[in-house]
Amino acid sequence: MRLALRVLGLLVLLLCVAGAGAYLYLRQSLPKTAGEVRLAGLGATVEVLRDRHGIPHIYAASLEDAHFALGFVHAQDRLWQMEMNRRIGSGRLAEILGPAALETDRFMRTLGLRRVAEANLQHYDAETRRLLDAYAGGVNAFLAQSPVLPPEFWLLGVTPEPWSAADSIVWSKVMAWDLGGNWRSELLRLRLSRTLPLERIQEFLAPYPGDAYPRIPDLKALYSGMEKRLLPNAVFSHLDPDATPGSNSWVVSGARSASGKPLLAADPHLGLTAPPVWYFPHLHAPGLDAIGGTLPGVPAILVGRNDRIAWGLTNTGADVQDLYLEKLGLPFTQLEETIKVKGGADERLTVRRSRHGPLISDISKTVLEATPRGYALALRWTALEPHDLTMQAGFKIARARDWNEFLAAARALHAPPQSASYADVDGNIGFIAAGRVPVRKRANDLRGLAPAPGWDERYDWTGYVPFEALPRAFNPPGGSVILANHKIVPPKYPHHITYEWQAPYRARRIEELLSKTEKHDAASFQRMHADVVSIAVRELLPRFLAAQPHKRLAAWDATMTADSAEPLIMAAWWREFARALYADELGAAFRANWSARAVFIHNVLSGQSHWCDDVRTPAVETCDGLLAASLEKSTEDLQKRYGSDLKWGEAHVARHRHRPFTREPWLARIFDIRVPSAGDAYTVNAGAVDFNDEAEPFASRHAPSLRAVSDLADPQASVFIHSGGQSGNPLSAHYRNFAAAWARGEYVPMLTERRRLEADGVQRLVLEPRK
């Protein structure tokens, strides 16, 4: 017995020693932040000063060296994220994750993002090519040091390959894909046309408040001669533009600020990931002194400021994707792809393309199920065009000195279309909704809202809206610009941008808050960023309570604070009412399209009450009856999930999911970032949920991934923050150090003045050329 105990004790000791050894070894994967490093490919000495927040301030003698150093520090802090990003876009996940990743790889190979990225390279100007190559050189200089790699590489047995310019472009394409969803709307209309009349489809996919329903042909009649498929496990997903937050940015001129100079706020809303989407650097080189948000792997400051201007980006939501029904039997362009699979045989994939684009019905069960027999569905998308110059715009915006240079840079911003806000030290403000927006023919009666017959040329695009005609404003009379993914075109604007603007709840609240203060300052803008009054809830709550009174909600002011119970009670009630309202009409398509849909629900409770009748029963149900029953069900559900201690922030936790370890519970505890959060999909401080997630139906999934307030009276007083930390290494103190501050609405300084940086304390790393 004693011997057995001694052996067990020895084994435990050996495990502890091995664990300590592994920990000490992996600690070496943290970046070197002080001293000197000699690197091949560098033109001259570069200094990297890291402040106490882990933000690198890069001082270089040339643009090329500045971007070389950016590649180096991106690789130091976010190498695994960069590896995953390029593999996602290139369709190479199965190489490291095995057969479970094949579906994603097939889809990305069929889209052909890597092929398009390589084609785009041929059209960039010489400077853009040099800077892309310099950035790649910096990443590869880091890899050439044979560093100890972050834990993910060790756990999965992955060795990173050299970085290339195409790798950077690939990830920008994936981001464009995430910001576009028009094709899903078209697919859902096609699917619903089998069971619902056009009137009901248009009610469910509700138009922008105040707009008429678009006039399109009866879809059931259009597709009536086409034989249906039956694949019972398919999912029909639609990104609800009313419920998925996009971004906010607002600007006031000096006439509306305490300083007499403009203020600009920006907070792009994206999916929460660990590490976060954004990485903050400061680049100082001849003609460049900019700080702001970059995407690791992409060498451009996309949201930020330089010494003269500040800018933000919000998703315009333009309709830049069309689906086309293509007759099988016609000749298609074909190419062969080979997908390597970890632990399995290579897979051969035949990619087919029509004249419109890739046949996505070949590789997506969702698309295939909706596609009539004898046809395929092809996707046309502006980001798949060979002349996409978006990366070129990213380099030039950061060096713009005034409105005209800003516009000149934005001209190359092609995909996805972005509404870029602007302010400068001279007192000017404005915006431009830049990007390629297709022009559809007058004879196109489908208007980009449903899959079109690919053999009929009236549905082909005829070009793009001219840059000079895109929505814009410069020094508007009211002294403010508000961008919140809402409708930004005037009533008689001559070009079609989209029918799927997001509802104006956030825009209306921003306007309310701007009007409440006569003269704004950075502090008032920060309070606006943190605002969690939900206008959608404020408008719907009286109708809910009229049907079924609730004592706690009766005195509530629709403020979605983290430490209160009322937001959770309302969200759970809303979730159950949405289920009761349209699960019967949508059938198999329901769960993938189960979301808040405030505009639709408002319309139902304001006159479209026929949706409240359950079409599966002989009785005629009423909206009041559904609301009463939904409250009862939601109360039971909350009791089971949380007991009697209800707090919105605990249920509405902002969960930053790690790729790929969020799927492994024991690893997720280490790699995921979780923090209680406030807000809902319709608040300025937004946080969208997924009702279909039975485990965490109220967790925040999309939120302000970055916040910035730029003060053009004193640019050094500008502040920003993102939702996680600068490091992608969970062993680093900078892995999650921003998360709690971000949730509280706090910021870090956006300093670029070297004297002040050094006075606050920095670590100095010198990069020297290797001779």
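Can you pull out the residues in the range 600-616 that are open to solvent by 50 Å² or more (accessible area, probe 1.4 Å) and under 14 Å from Ala580 (Cα atoms)?
Ser609, His610, Val615, Arg616, listed by residue number.
Limited to the range 159-176, what total is found for residues that are closer than 30 Å to Ile360 by Cα, surrounded by fewer than 22 Cβ atoms within 10 Å (Cβ to Cβ) and either among the β-branched types (Val, Ile, Thr) or touching a residue at least 60 places away in the same chain (Cβ under 8 Å) (or both)?
Total satisfying the criteria: 3.
Being of a type in the set (A, V, I, L, M, F, W, C), touching a helix residue (DSSP H, G or I) at 6+ places or on another chain (Cβ under 9 Å) and at pLDDT below 95, is that true of even one residue in the range 61-75?
No - not one qualifying residue is present in the range 61-75.
Residues that are surrounded by 21 or more Cβ atoms within 10 Å (Cβ to Cβ), part of a loop (DSSP other than H, G, I, E, B) and not basic (Lys, Arg): does the range 94-101 have at least one?
So far as the range 94-101 goes, no, none of its residues is surrounded by 21 or more Cβ atoms within 10 Å (Cβ to Cβ), part of a loop (DSSP other than H, G, I, E, B) and not basic (Lys, Arg).
Is the range 563-574 home to any residue that is outside any helix (DSSP H, G or I) and either modelled with pLDDT under 95 or at positive phi (or both)?
Scanning the range 563-574 turns up no residue that is outside any helix (DSSP H, G or I) and either modelled with pLDDT under 95 or at positive phi (or both).
Please go through the range 57-77 and pick out each residue that is among the small types (Gly, Ala, Ser) and either within 15 Å of Leu132 (Cα to Cα) or open to solvent by less than 10 Å² (accessible area, probe 1.4 Å) (or both).
Ser62, Ala66, Ala69, Gly71, Ala75
For the range 271-291, state whether one or more residues are surrounded by fewer than 23 Cβ atoms within 10 Å (Cβ to Cβ), touching a helix residue (DSSP H, G or I) at 6+ places or on another chain (Cβ under 9 Å) and closer than 30 Å to His356 by Cα.
Taking every residue of the range 271-291 in turn, at least one turns out to be surrounded by fewer than 23 Cβ atoms within 10 Å (Cβ to Cβ), touching a helix residue (DSSP H, G or I) at 6+ places or on another chain (Cβ under 9 Å) and closer than 30 Å to His356 by Cα.
Which condition number does Asp105 fail, the rest of (1) in contact with a Leu (Cβ under 6 Å, 6 or more places away or on another chain); (2) charged (D, E, K, R); (3) surrounded by fewer than 19 Cβ atoms within 10 Å (Cβ to Cβ) being met?
Asp105 satisfies all of (1) in contact with a Leu (Cβ under 6 Å, 6 or more places away or on another chain); (2) charged (D, E, K, R); (3) surrounded by fewer than 19 Cβ atoms within 10 Å (Cβ to Cβ) except (3).
Looking only at the range 431-470, count how many residues are open to solvent by 30 Å² or more (accessible area, probe 1.4 Å) and under 20 Å from Gly246 (Cβ atoms).
Residues in the range 431-470 being open to solvent by 30 Å² or more (accessible area, probe 1.4 Å) and under 20 Å from Gly246 (Cβ atoms): 1 in total.
Report every pair of residues separated by at least 6 positions or lying on different chains whose Cβ atoms are under 7 Å apart, first residue within the range 499-517 and within 15 Å of Ser257 (Cα to Cα), second in a loop (DSSP other than H, G, I, E, B).
Leu513/Asp531
If you scan the range 197-211, which residues turn out to be surrounded by 20 or more Cβ atoms within 10 Å (Cβ to Cβ) and assigned to a loop (DSSP other than H, G, I, E, B)?
If the condition is that a residue be surrounded by 20 or more Cβ atoms within 10 Å (Cβ to Cβ) and assigned to a loop (DSSP other than H, G, I, E, B), then Leu205, Ala206 are the ones that fit.
When the range 621-672 is examined, which residues are found to be within 30 Å of Arg552 (Cα to Cα) and among the hydrophobic types (A, V, I, L, M, F, W, C)?
Cys623, Leu626, Leu627, Ala628, Ala629, Leu631, Leu638, Leu646, Trp648, Ala651, Val653, Ala654
For the subset of the range 255-270 comprising residues that are of a type in the set (A, V, I, L, M) and part of a strand (DSSP E or B), which member is surrounded by the most Cβ atoms within 10 Å (Cβ to Cβ)? Walk me through how you get there before you give the answer.
Kept after step one, since they are of a type in the set (A, V, I, L, M), are these residues of the range 255-270: 255, 258, 263-266, 270.
From what is left, the residues that are part of a strand (DSSP E or B) are 263-266, 270.
Working: Leu263: 28, Leu264: 26, Ala265: 26, Ala266: 30, Leu270: 24.
Across the range 255-270, the extreme among qualifying residues is Ala266.
Report, ordered by the first and then the second residue, all pairs with beta carbons closer than 7 Å, sequence separation of six or more or different chains, a first member in the range 251-263 that is more than 10 Å from Ala713 (Cα to Cα), and a second member that is of a type in the set (Lys, Arg) and surrounded by fewer than 20 Cβ atoms within 10 Å (Cβ to Cβ).
So the pair list comes out as Arg256/Lys519.
Taking the range 534-557 only, how many residues are touching a helix residue (DSSP H, G or I) at 6+ places or on another chain (Cβ under 6 Å), outside any helix (DSSP H, G or I) and crowded, with 22+ Cβ neighbours inside 10 Å?
Selection size over the range 534-557: 0.
Looking at Ala708, is it over 24 Å from Asp521 (Cβ atoms), touching a residue at least 24 places away in the same chain (Cβ under 8 Å) and within 22 Å of the chain's Cα centre (by Cα)?
Working: over 24 Å from Asp521 (Cβ atoms): no; touching a residue at least 24 places away in the same chain (Cβ under 8 Å): yes; within 22 Å of the chain's Cα centre (by Cα): yes.
No, not satisfied.
Need pairs with beta-carbon distance below 7 Å; first residue at positive phi and within the range 457-486, second open to solvent by less than 30 Å² (accessible area, probe 1.4 Å) and not in a loop (DSSP other than H, G, I, E, B); sequence gap 6+ or separate chains.
Asn475/Ile429; Asn475/Gly430; Gly479/Val252; Asn485/Ser247; Asn485/Thr314; Asn485/Asn315
Residues Arg597, Arg591: which one is under 22 Å from Glu203 (Cα atoms) and in contact with a helix residue (DSSP H, G or I) (Cβ under 7 Å, 6 or more places away or on another chain)?
Of Arg597, Arg591, the one residue that is under 22 Å from Glu203 (Cα atoms) and in contact with a helix residue (DSSP H, G or I) (Cβ under 7 Å, 6 or more places away or on another chain) is Arg597.
For Asp637, all conditions in the list (1) in a loop (DSSP other than H, G, I, E, B); (2) touching a residue at least 40 places away in the same chain (Cβ under 8 Å) hold save one; what is the number of the exception?
Exception for Asp637: condition (1).
Determine whether Ala473 is open to solvent by less than 30 Å² (accessible area, probe 1.4 Å) and either of a type in the set (Lys, Arg) or under 21 Å from Ser185 (Cβ atoms) (or both). Please lay out each step first, then the result.
Details: open to solvent by less than 30 Å² (accessible area, probe 1.4 Å): yes; either of a type in the set (Lys, Arg) or under 21 Å from Ser185 (Cβ atoms) (or both): no.
The answer is no for Ala473.
Can you say whether Lys640 is basic (Lys, Arg) and either surrounded by 16 or more Cβ atoms within 10 Å (Cβ to Cβ) or closer than 20 Å to Arg701 by Cα (or both), as far as the supplied structure shows?
Spelling it out, it is not the case that Lys640 is basic (Lys, Arg) and either surrounded by 16 or more Cβ atoms within 10 Å (Cβ to Cβ) or closer than 20 Å to Arg701 by Cα (or both).
How many of the residues in the range 668-691 are under 29 Å from Trp80 (Cβ atoms) and either of a type outside the set (A, V, I, L, M, F, W, C) or touching a Pro at 6+ places or on another chain (Cβ under 9 Å) (or both)? Even if it seems obvious, please write down each step before you answer.
Residues of the range 668-691 that are under 29 Å from Trp80 (Cβ atoms), as a first pass: 668-677, 686-690.
Add one more test, that the residue is either of a type outside the set (A, V, I, L, M, F, W, C) or touching a Pro at 6+ places or on another chain (Cβ under 9 Å) (or both), and what stays is 669-674, 676-677, 686-690.
Selection size over the range 668-691: 13.
Given the condition in a loop (DSSP other than H, G, I, E, B) and on the phi < 0 side of the Ramachandran plot, answer yes or no: does some residue in the range 62-78 qualify?
Taking every residue of the range 62-78 in turn, at least one turns out to be in a loop (DSSP other than H, G, I, E, B) and on the phi < 0 side of the Ramachandran plot.
Filter the range 322-345 for residues that are in contact (Cβ under 8 Å) with a residue 24 or more places away in the chain and outside any loop (DSSP other than H, G, I, E, B); which is surrounded by the most Cβ atoms within 10 Å (Cβ to Cβ)?
Leu323
Looking only at the range 479-527, filter to residues that are among the β-branched types (Val, Ile, Thr), farther than 22 Å from Thr561 by Cβ and touching a strand residue (DSSP E or B) at 6+ places or on another chain (Cβ under 9 Å); which one of those is surrounded by the most Cβ atoms within 10 Å (Cβ to Cβ)?
Step one: filter the range 479-527 for residues among the β-branched types (Val, Ile, Thr), giving 481-482, 488-489, 497-498, 510, 517.
Keeping just the survivors that are farther than 22 Å from Thr561 by Cβ gives 481-482, 488-489, 497-498.
Remaining after also requiring touching a strand residue (DSSP E or B) at 6+ places or on another chain (Cβ under 9 Å): 481-482, 488-489, 497.
Working: Val481: 25, Ile482: 23, Ile488: 22, Val489: 15, Ile497: 22.
Restricting to residues being among the β-branched types (Val, Ile, Thr), farther than 22 Å from Thr561 by Cβ and touching a strand residue (DSSP E or B) at 6+ places or on another chain (Cβ under 9 Å), the top hit is Val481.
If I ask for residues that are open to solvent by 40 Å² or more (accessible area, probe 1.4 Å) and aliphatic (A, V, I, L, M), which ones from the range 363-403 would you list?
Leu368
Considering only residues that are under 22 Å from Pro618 (Cβ atoms) and open to solvent by 10 Å² or more (accessible area, probe 1.4 Å), which ones fall in the range 566-590?
Arg579, Ala580, Ala583, Asp584, Glu585, Gly587, Phe590
Going by the structure shown, is Gly54 open to solvent by less than 20 Å² (accessible area, probe 1.4 Å), in contact with a Gly (Cβ under 6 Å, 6 or more places away or on another chain), farther than 13 Å from Gly297 by Cβ and touching a residue at least 40 places away in the same chain (Cβ under 8 Å)?
Here the answer is no, as Gly54 does not meet what is asked.
The values are calculated or read from the model by the stated rules, or taken from the named source; none is laboratory data. The structure displayed is predicted, hence computed values, not measured ones. Positions of Cβ are backbone-derived with ideal geometry, glycine not excepted, and every protein chain shown enters the neighbour counts. Each accessible area value is taken on the protein alone, full model and side chains, heavy atoms only, with ligands, DNA and RNA left out. Shrake-Rupley method; radii C 1.70, N 1.55, O 1.52, S 1.80 Å.
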